[in-house]
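Every number here is computed from the coordinates shown, using simple stated rules; none is lab data. Owing to the predicted nature of the structure, the values given are computational and were not obtained by experimental measurement. Cβ placement follows ideal geometry from the backbone for every residue including glycine, while neighbour counts extend to all protein chains displayed.
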């Protein structure tokens, strides 16, 4: 089972200026990110849009198969 993190956990990371890896697409990262976050996206903006459209039109299984 995954451990749940609290607001205090994130606050401690920010205070310590801990680098955070943000795997969201660049367009999402540009809209807002944690201070000291580094963007290493799993998908580019076009891939993210294609997966999102596929999810809306065909469902989660098709979107997972796509990317």
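Below, the figures for the structure above:
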read-out: Residue 22-residue 2 pseudo-label distance in nm [points 7 Å out on the Cα-to-Cβ vector]; value: 1.9
read-out: Rounded Å value of the spacing that divides the Cα centres of the range 4-39 and the range 45-60; value: 24
read-out: Estimated D of the chain in µm² per second, where Rh is the Kirkwood radius over Cα pairs and Stokes-Einstein applies at 20 °C, 1.002 mPa s; value: 155
